[in-house]
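S.K.: Quick one: this structure, given as C-alpha cells, is what I'll be asking you about.
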Amino acid sequence: MQIQGQAALVTGGGSGLGEATARELARLGAKVAVLDVNLDNAKKVAADIGGVAIQADVTSAEGMQAALDQAAAAHGPARILMQIAGIGAAKRVIGKDGNPAPLEDFVKVVNVNLIGTYNAARLFAAAAARLPPMDDGERGAMVFTASVAAFDGQVGQQAYSASKGGVVGMTLPMARDLAQHGIRVCTIAPGLFSTPLMRTLPEPVQQSLAASIPFPQRLGKPEEFAELACHIVSNGHLNGEVIRLDGALRMAPR
C-alpha cells in the first residue's frame, strides 16, 4: 500500500512507540489521527505533525467507534491502523504476604492489551471492508503490537505475557478471516526499547538491560519500530506474520 495520502489511525499515539509511528506516517505523507487516552499528549504530537488528536479508550466499544467516526470526519475513511496502545504490569502469582495476586490486576492488563486490540481491529476492519479496493485488491492494513514477553515472559509477567501472547495468537486467524475483504494483519513483537517508561528507570538499570541484547547492544529506538510498522503497510505480501524486533534478545527468567 502506498502510504502517501492515506488516512491512518495510531492508538497510543501520544507517546513512545505510538508517537514515533505517528511521526513516521506523517513524514511519509499520511493523514494521521493520533488516538490516546491522554488527550494532552495526543494534541502535542498531532500539532507537530499536522494531524488530528482524538481521545480514545481502546477498551470501550462506544468510545472507539466515536473516535473512528471523528477521525473519518477529519481525514476520510482510514486504510491504516497502527494498534500500539497498551499497558504493562508485573506481579507475582503469590505475593510476599502469601496472598494470591488480585484478579482485577490480571483482568485490567488483558482488557487493555488483548481485548483492546481486538476492539480496535474489529471496528477498523468493518469500516475498511466497505471501502473500494485499490488496484491490488487491498482495502486496508493493520499492525498490532505484541512483545517478546509473549514468547519468553519473565517472572511476574503472567498478565502481560498472556495478553501479548493473545495478540500473537490472534494475528494469523484474523489475517485469514479478513483476506476475503482485502485487509492484511501483522504484528510486531518488540524487545527492550527506549520509551518514556523505560527512561524512568535508573541509568545503570537501563545500561544493564541494554547489555543483555546480543546485537546491537543497546535499547531499541522507537524510530526503528516505526520504520518496521510502516514497511509492513507498504509491503503487500506481508500478512499474518509476527515479527520479533529485539536484536536477538531472549529474555532471562528474571
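The values are calculated or read from the model by the stated rules, or taken from the named source; none is laboratory data. This is a predicted model, so every value here is computed, not measured. Here the Cβ is made from the backbone with ideal geometry for all residues, glycine too, and neighbour counts use every protein chain on show.
S.K.: Of Val148, Val185, which residue is under 20 Å from His237 (Cα atoms), at pLDDT 95 or above and of a type in the set (Val, Ile, Thr)?
M.R.: After applying the criteria, what remains is Val185.
S.K.: Within the bounds of region 36-55, is there any residue that is in a loop (DSSP other than H, G, I, E, B), in contact with a helix residue (DSSP H, G or I) (Cβ under 7 Å, 6 or more places away or on another chain), surrounded by 18 or more Cβ atoms within 10 Å (Cβ to Cβ) and of a type in the set (Gly, Ala, Ser)?
M.R.: yes
S.K.: Starting from residues that are acidic (Asp, Glu) and part of a helix (DSSP H, G or I), keep the ones in region 56-71 and report whichever is nearest to Gln6 (Cα to Cα).
M.R.: Across region 56-71, the extreme among qualifying residues is Asp69.
S.K.: So for region 193-204 (the condition being touching a residue at least 40 places away in the same chain (Cβ under 8 Å), of a type outside the set (A, V, I, L, M, F, W, C) and under 29 Å from Leu103 (Cβ atoms)), does at least one residue qualify?
M.R.: Yes.
S.K.: Moving on. Please go through region 132-159 and pick out each residue that is among the hydroxyl-bearing types (Ser, Thr, Tyr) and either part of a strand (DSSP E or B) or over 17 Å from Gly18 (Cβ atoms) (or both).
M.R.: Across region 132-159, the qualifying residue is only Thr145.
S.K.: Here's another thing I want to ask about it. Check region 151-158 and report whether any residue there is touching a helix residue (DSSP H, G or I) at 6+ places or on another chain (Cβ under 7 Å), more than 20 Å from Ala30 (Cα to Cα), surrounded by 16 or more Cβ atoms within 10 Å (Cβ to Cβ) and among the small types (Gly, Ala, Ser).
M.R.: Yes - at least one qualifying residue is present in region 151-158.
S.K.: Report yes if some residue within region 241-254 is part of a loop (DSSP other than H, G, I, E, B), touching a helix residue (DSSP H, G or I) at 6+ places or on another chain (Cβ under 9 Å) and among the charged types (D, E, K, R); otherwise report no.
M.R.: Yes, region 241-254 has at least one match.
S.K.: Shifting gears a bit: Under 7 Å between Cβ atoms, at least 6 apart or on separate chains: pull out the pairs that start in region 79-105 with a residue that is assigned to a loop (DSSP other than H, G, I, E, B) and end on any residue that is of a type in the set (D, E, K, R).
M.R.: Arg79/Arg139; Ala89/Asp105; Lys91/Asp105; Ala101/Lys91; Ala101/Arg92
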